[in-house]
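Asks: Below is a structure I'd like to ask you about.
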Amino acid sequence: MRRIEVNPGDEYNDLTVIREVDPSGKKRRFLCRCSCGRESTARLNHLQSGHTASCGKCGIEHLGQRKTLREWAEEYDVKPSTLRARLKVMGMSEALERGMVR
């Protein structure tokens, strides 16, 4: 199997690769910088598939504000697990509107 070439500066969603961490391991991991400025490590296959798209702490931007999924869920009175499931199939606006009681 051919080794996948990953270089510092390569971007995967909101993450930019800084360097490889422990290149001798079976599952390759990379130190990345998120667009919010935090650093985190991620496996190569998760970067490529989009499973890991950010550091996980910078939150979700909606209507010019950035909050964590839990904060958005509390504000719109929706369970975080419900909001997470909705976001897999629809956009943030629609996912939050469905939580509003009319």
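The values are calculated or read from the model by the stated rules, or taken from the named source; none is laboratory data. Model, not experiment: these values are computed from the prediction. Please note: Cβ atoms are built from the backbone with ideal geometry, for glycine as well, and neighbour counts cover all protein chains shown.
Asks: Inspect all residues belonging to the stretch 68-76 and state whether any of them is loosely packed, with under 12 Cβ neighbours inside 10 Å and either within 30 Å of Arg2 (Cβ to Cβ) or out of contact with any Asp or Glu (no Cβ under 7 Å at 6 or more places or on another chain) (or both).
Replies: no
Asks: Considering each of His46, His51 in turn, give the residue that is assigned by TED's automatic domain parsing to the domain that holds Ile4, closer than 13 Å to Asn13 by Cα and loosely packed, with under 14 Cβ neighbours inside 10 Å.
Replies: Checking each option against the conditions leaves just His51.
Asks: On to the next question. How many of the residues making up the stretch 17-64 are of a type outside the set (Phe, Trp, Tyr) and more than 27 Å from Arg86 (Cα to Cα)?
Replies: 18
Asks: Would you call Leu83 out of contact with any His (no Cβ under 8 Å at 6 or more places or on another chain) and surrounded by 15 or more Cβ atoms within 10 Å (Cβ to Cβ)?
Replies: In short, yes.
Asks: Here's another thing I want to ask about it. Provide a single number: the residues in the stretch 74-89 that are without any contact (Cβ under 8 Å) to a residue 12 or more places away in the chain and over 14 Å from the mean Cα position of the chain (by Cα).
Replies: So the count comes out to 7.
Asks: Which condition number does Glu74 fail, the rest of (1) of a type outside the set (S, T, N, Q); (2) modelled with pLDDT under 90; (3) outside the structural domain of Gly9 (by TED's automatic domain parsing) being met?
Replies: (2)
Asks: Related question: Between residues in the stretch 41-68 that are polar (S, T, N, Q) and residues that are modelled with pLDDT under 85 and surrounded by 13 or more Cβ atoms within 10 Å (Cβ to Cβ), which pairs lie under 7 Å by C-beta distance while being six or more apart or on different chains?
Replies: What qualifies is Thr68/Gly59.
Asks: Also, quick follow-up: Mind listing just one residue for me: the one in the stretch 13-24 that is within 15 Å of the chain's Cα centre (by Cα) and either part of a strand (DSSP E or B) or modelled with pLDDT under 85 (or both) and, of those, surrounded by the fewest Cβ atoms within 10 Å (Cβ to Cβ)?
Replies: Here the residue is Thr16.
Asks: Test Leu31 against the stated conditions and say whether it is within 20 Å of Glu5 (Cα to Cα) and surrounded by 12 or more Cβ atoms within 10 Å (Cβ to Cβ).
Replies: yes
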